[in-house]
Amino acid sequence: MASRVVSCCALLLTLSAAAQQPQPGIDSDTLMRDLEVLSADAMEGRRAGTPGGARARAYIVERFRRAGIEPFGTTYEKPFTFRTSQEGPAQQGVNVAGAIRGRRPDGPWMAVTAHYDHLGVRNGQVFNGADDNASGVAALLAVATTFRDLPPEHPILFAALDAEESGLHGARALLAAPPVPLHSIALNVNLDMVARDESNELFAVGTHHYPFLKPYLQDIAVPPVELRFGHDGPNAMGTDWTRDSDHFVFHQAGIPFVYFGVEDAVHYHKVTDDAETVSKAFFVAAVTTIAMAIRRLDAHLGAIRRNRK
């Protein structure tokens, strides 16, 4: 479908109106507590199919309830089977999914995703994965809570995905058996590593592939965060992140995406990726920026859907 042409003046007016809408704040204490719990040693690195992963999932399920996310059917948990290779043994993963229906429940859907699994225990050391990706799950929960207090315009699917680290298997399972019709999902917002950056840079990836999304994401950064674009397409700033997390599965299905993340740093996939090494000021500002972006994208989801090719 051809992209809808929107006049520059009309777009600026609509963005200005959206910016004037109430913006609920992020509960920074709850945000940090969620990150600390999910990245605690007791979670044993949250590797898919492990008792630590199950403990993290139980915590996420309870937080879904408290955030006002409704289950699809009787349970939030969506089990699936995956293999890391054709010859490898079948393994078990479990996604956690639910919805906030919004004021127009029959409208297009946005899918907000963050993987909750990490590397587990290796050589007796726990890889806690505070930034990767307890931070994304904590951000997802914080965003959902803002919509509980001030409902979105359109329905939002919230999904904490399993087995990302072993090959994006949770995202593949979600889209193989989606809880809502696949054609109704107009946009994916994926959160993966949003808690730590020495330069205070948060990237919004995907606008090279879907340039009609970029105007909705400009001028929303909360200091000290600087929102940058790149890491996609031919000018990928050295590395292309298009395939690097669960948003790629949506992209393969023709669903536009925005991926919020930070540069890999010294703690990436290291045992030092702990809550103690996260910058609270950056994390809170990044999640506030993400919440504002999601609210603005929700306000324009109908136009985004019409731009989907």
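The values are calculated or read from the model by the stated rules, or taken from the named source; none is laboratory data. Here the structure is a predicted model, which is why all the values come from computation and not from measurement. In this analysis, Cβ positions are derived from the backbone assuming ideal geometry, glycine residues included, and neighbour counts consider all displayed protein chains. Surface areas here come from the heavy atoms of the whole protein model, side chains and all, with no ligands, DNA or RNA. Shrake-Rupley method; radii C 1.70, N 1.55, O 1.52, S 1.80 Å.
Can you order the peptides 179-188, 268-277, 202-211 by their average number of other Cβ atoms within 10 Å per residue, highest first?
Output ranking for 179-188, 268-277, 202-211: 202-211, 179-188, 268-277.
Would you mind working out the magnitude of the charge dipole of region 142-192 relative to its Cα centre, with +1 at each Lys and Arg C-beta and -1 at each Asp and Glu C-beta, to the nearest 20 Debye?
My answer is approximately 180 debye.
Which order, highest average first, do 71-80, 127-136 follow once you tally other Cβ atoms within 10 Å for each residue and take the mean per peptide?
Descending mean neighbour count gives 127-136, 71-80.
Can you work out ³J(HN,Hα) from phi for every residue in region 219-225, in order, using Karplus 6.51 cos²θ - 1.76 cosθ + 1.60 and θ = phi - 60°, giving whole Hz and x for Gly and Pro?
3J(HN,Hα) across region 219-225, in whole Hz: 6, 10, 5, 9, x, x, 6.
Wrap a convex hull around the Cα atoms of the chain, take a quarter of its surface area, and give that in square nanometres.
15.5 nm²
May I ask you to order 34-40, 104-110 by the average number of other C-beta atoms within 10 Å around their residues, highest value first?
34-40, 104-110
Provide the solvent-accessible area of Leu213, counting protein heavy atoms only and rolling a 1.4 Å probe, rounded to the nearest 10 Å².
0 Å²
Of all accessible surface on the chain at a 1.4 Å probe, what whole percent is carbon and sulfur?
It is 51 percent, rounded to a whole number.
Just grab the label-to-label distance for Val271 and Gln252, each label 7 Å out from Cα along the Cβ direction, in nm (one decimal).
3.4 nm
What accessible area per residue, rounded to a whole number of Å², is obtained for the chain using a probe radius of 1.4 Å?
41 Å²
Extending each Cα 7 Å along its Cβ direction at Ala281 and Arg228, get the distance between those two points in nm, one decimal.
Once both label points are built, they end up 1.9 nm from each other.
Using the basic label-point model (7 angstrom from Cα toward the beta carbon), what is the Arg103 to Ala177 distance in nanometres?
3.6 nm
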